[in-house]
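So the structure is just underneath, and the comments pick up after that.
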Amino acid sequence: MPGEDVVIAGGGLVGKAAALALAQAGLRVLLCGARPAAAAPAQGYGQRVYAFNAASRRFLDGLRVWSQLPQARVQPVARMRIAADGAALQFDAYAQSVEALAWIAESDAVERALDLALQFERGATLVPGGVEQAQFDGAQWALTLADGSVARTGLLLGADGRHSRVRDWAGIGLRRKPYGQTGLVCNLRCALPHGGTAYQAFTEAGVIALLPLVDQGGEHQVSLVWSAPDALATTLRAAGAEGLVPSLQSHLEALGAARLAPFAAAGEIGAWPLVLQRARSLVAPGTALLGDAGHVIHPLAGHGLNLGLQDVQALVAVLTGRGDAQAVGDARVLRRYARARAEQVLALELATDGLHRLYAPGMAWLAPLRALGLAGTNHLTPLKRLLAGYASGLSVMA
Ligand SMILES: Cc1cc2nc3c(=O)[nH]c(=O)nc-3n(C[C@H](O)[C@H](O)[C@H](O)COP(=O)(O)OP(=O)(O)OC[C@H]3O[C@@H](n4cnc5c(N)ncnc54)[C@H](O)[C@@H]3O)c2cc1C
């Protein structure tokens with residue numbers, strides 16, 4: 001295989017977005033592990049849906065991917081209600097003077113749009129098999145691919161998820177803290193329209209969120225994301241999707257979503273163990289990590305993928321902005337990428353982990369203070385604007 005400018009290991013959303021963005025920027029890219037996305041379900045929604053913030057949407061727009069999404073399946077979030085201890089913090093797109101607080105779209109739909117765009121990108125070569133072995137000689141990586149062929153590159157990008165082998169091959173250490181929680185995801189039908197509102201509540205049973213989905217065939221739907229303590233998650237999973245609904249019932253008041261009831265399951269339950277994880281460095285000689293390979297945060301803010309897409313933007317910016325004499329794997333270029341990402345990754349890690357700790361079951365004694373803080377924040381318009389601006393990602397990726 002001829003030497004590529006860049007080889008990407010990992011064809012998830014972050015890897016595919018990186019391949020497209022780098023090829024559009026004029027680099028020759030080999031994407032390994034690029035399996036085609038699943039076809040659209042005949043009915044209902046795919047199980048994995050994400051809240052895309054304004055920065056991710058703008059980035060995908062620039063890649064000519066967002067416009068390829070079936071807009072009838074993309075739900076703008078007009079309002080967000082975050083509740084805990086009987087108090088609530090509400091965000092409103094209109095009051096914040098923004099088009100939407102976020103957009104809910106299916107993972108597979110975004111991947112399909114990326115697949116389509118990549119087909120027309122001459123700079124990108126896609127292979128379905130992964131990278132099996134890798135060796136770095138100080139200047140170049142020699143990568144053994146699943147079909148036995150060998151690819152060489154001066155820059156290997158690890159977009160291979162939380163169990164990244166690229167991270168290991170590059171000798172990059174990892175800090176990891178399991179949360180003892182499992183993220184349960186399930187699509188639900190609800191009786192009344194959600195009006196584009198996303199609901200989230202911090203409860204003794206974990207963090208529960210209902211993300212609005214576009215009505216289909218006259219039916220109203222939401223995606224439930226329940227970060228439940230592991231023991232409870234095991235019980236909930238054992239009860240199956242229909243069994244999940246009665247358990248949700250007792251939290252509807254806390255969520256402020258009781259008016260949407262009754263709910264019914266509209267799909268199966270998906271489950272992901274939740275961890276806080278951070279690579280000790282985003283770069284090593286000839287290597288950079290992107291997305292979950294570099295950092296995994298609690299999903300309570302719905303920002304993991306947004307962070308990964310912002311990694312891609314930052315990497316493209318430093319690679320295209322490098323000096324004429326600098327190779328793509330130049331250590332100074334890679335350090336610039338690591339520096340560009342340090343602050344935002346740390347800030348979101350601290351914010352999500354801090355919130356998780358603040359609302360952990362053993363912290364109930366703090367409830368009156370927490371309620372005061374949440375209610376107080378709700379009345380502070382400038383602070384809310386600041387929080388919404390940060391969540392949009394636009395203040396970082398200006
Ligand atoms: C319950 C839950 C809800 C979430 N909700 C949101 C949300 O609303 N918004 C948001 O922004 N984020 C959210 N996240 C976070 C988001 O899911 C992740 O951050 C995102 O999926 C990471 O994408 P990735 O491409 O980095 O990794 P992955 O999706 O894990 O992709 C990695 C890919 O690399 C491949 N691979 C592995 N090894 C190799 C190899 N050696 N060679 C080649 N390929 C390889 C894998 O097969 C896989 O396809 C949520 C997470 C959870 C658990």
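The values are calculated or read from the model by the stated rules, or taken from the named source; none is laboratory data. This structure is a prediction, so every number in the text was calculated from the model and none was measured. Cβ atoms come from the backbone with ideal geometry, glycine included; neighbour counts cover every protein chain shown.
Condition check: within 19 Å of residue 12 (Cβ to Cβ), buried (at least 18 other Cβ atoms within 10 Å of the Cβ) and of a type in the set (Gly, Ala, Ser). Does residue 257 satisfy that?
Values: within 19 Å of residue 12 (Cβ to Cβ): no; buried (at least 18 other Cβ atoms within 10 Å of the Cβ): yes; of a type in the set (Gly, Ala, Ser): yes.
No: the conditions fail for residue 257.
Of the residues 49, 131, which is over 22 Å from residue 208 (Cβ atoms) and not polar (S, T, N, Q)? Walk me through how you get there before you give the answer.
Numbers: 49 fails: over 22 Å from residue 208 (Cβ atoms).
None of the others qualify; the one that does is 131.
Taken as a whole, the structure places residue 181 among residues that are in contact with an Asp or Glu (Cβ under 7 Å, 6 or more places away or on another chain) and either in contact (Cβ under 8 Å) with a residue 40 or more places away in the chain or more than 14 Å from the ligand (Cβ to nearest atom) (or both).
Taking the stretch 191-201 as the region of interest, how many residues are surrounded by fewer than 23 Cβ atoms within 10 Å (Cβ to Cβ) and either among the hydroxyl-bearing types (Ser, Thr, Tyr) or in a strand (DSSP E or B) (or both)?
Matching residues across the stretch 191-201 total 1.
The single condition among (1) in contact with a Lys or Arg (Cβ under 7 Å, 6 or more places away or on another chain); (2) among the small types (Gly, Ala, Ser); (3) part of a loop (DSSP other than H, G, I, E, B) that residue 88 does not meet is (3).
Going residue by residue through the stretch 115-123, is there one that turns out to be within 11 Å of the ligand (Cβ to nearest atom) and either modelled with pLDDT of 95 or more or touching a His at 6+ places or on another chain (Cβ under 8 Å) (or both)? For the stretch 115-123, residues within 11 Å of the ligand (Cβ to nearest atom) and either modelled with pLDDT of 95 or more or touching a His at 6+ places or on another chain (Cβ under 8 Å) (or both): absent. Pick from the stretch 21-43 the residues that are touching a Lys or Arg at 6+ places or on another chain (Cβ under 9 Å) and closer than 26 Å to residue 185 by Cβ: which of them is nearest to the ligand (Cβ to nearest atom)? It comes out as 34. Of the residues making up the stretch 89-97, not a single one is over 29 Å from residue 337 (Cβ atoms), away from the ligand (no atom under 16 Å from the Cβ) and buried (at least 22 other Cβ atoms within 10 Å of the Cβ).
How about the stretch 124-153: which of its residues are near the ligand (Cβ under 10 Å from one of its atoms) and in a loop (DSSP other than H, G, I, E, B)? Steps first, please.
Residues of the stretch 124-153 near the ligand (Cβ under 10 Å from one of its atoms): 127-134, 143, 145-146.
Passing the criteria: 128, 129, 130, 146.
Sub-9 Å Cβ pairs linking a first residue in the stretch 296-324 that is without any contact (Cβ under 8 Å) to a residue 40 or more places away in the chain to a second residue that is near the ligand (Cβ under 9 Å from one of its atoms), at least 6 apart or interchain, are 304/50; 304/291; 304/292; 304/295; 304/296; 304/297; 304/298, ordered by first then second residue. For the stretch 353-362, a residue qualifies if it is buried (at least 19 other Cβ atoms within 10 Å of the Cβ) and either assigned to a helix (DSSP H, G or I) or among the basic types (Lys, Arg) (or both), and exactly one does: 356.
Give the stretch 154-166 a look and list any residue that's surrounded by 24 or more Cβ atoms within 10 Å (Cβ to Cβ) and either near the ligand (Cβ under 10 Å from one of its atoms) or not aliphatic (A, V, I, L, M) (or both), or say none.
Pass one, the stretch 154-166, residues surrounded by 24 or more Cβ atoms within 10 Å (Cβ to Cβ): 155-160, 164, 166.
158, 159, 160, 164, 166 - these are the residues of the stretch 154-166 that are surrounded by 24 or more Cβ atoms within 10 Å (Cβ to Cβ) and either near the ligand (Cβ under 10 Å from one of its atoms) or not aliphatic (A, V, I, L, M) (or both).
Here the stretch 287-329 is the region considered, the condition is being more than 16 Å from the ligand (Cβ to nearest atom) and more than 16 Å from residue 339 (Cβ to Cβ), and the residue that is nearest to the chain's Cα centre (by Cα) is 320. Scanning the stretch 328-337 for residues that are crowded, with 18+ Cβ neighbours inside 10 Å, in a helix (DSSP H, G or I) and not aromatic (Phe, Trp, Tyr) yields 333, 334, 336. Only one of 325, 340 is under 30 Å from residue 312 (Cβ atoms), modelled with pLDDT of 80 or more, in a loop (DSSP other than H, G, I, E, B) and among the hydrophobic types (A, V, I, L, M, F, W, C); which? After ruling out the rest, the residue left standing is 325.
Just one of (1) in a helix (DSSP H, G or I); (2) of a type outside the set (Ser, Thr, Tyr); (3) more than 22 Å from residue 215 (Cβ to Cβ); (4) more than 20 Å from the chain's Cα centre (by Cα) fails for residue 72. It is (3).
Name every residue in the stretch 199-228 that is among the small types (Gly, Ala, Ser) and within 25 Å of residue 366 (Cβ to Cβ), in order of residue number.
Step one: filter the stretch 199-228 for residues among the small types (Gly, Ala, Ser), giving 201, 205-206, 209, 217-218, 223, 227-228.
Matches in the stretch 199-228: 201, 205, 206, 209, 227, 228.
On the basis of being more than 13 Å from the ligand (Cβ to nearest atom) and in contact (Cβ under 8 Å) with a residue 12 or more places away in the chain, does residue 47 make the cut? Steps first, answer last, please.
On the way: more than 13 Å from the ligand (Cβ to nearest atom): no; in contact (Cβ under 8 Å) with a residue 12 or more places away in the chain: yes.
So residue 47 does not fit the description; no.
For beta carbons closer than 8 Å, sequence separation of 6+ or different chains, a first residue in the stretch 4-16 that is β-branched (Val, Ile, Thr) and a second that is outside any helix (DSSP H, G or I) and within 6 Å of the ligand (Cβ to nearest atom), the qualifying pairs are 7/32; 7/131; 8/32; 8/159; 14/159.
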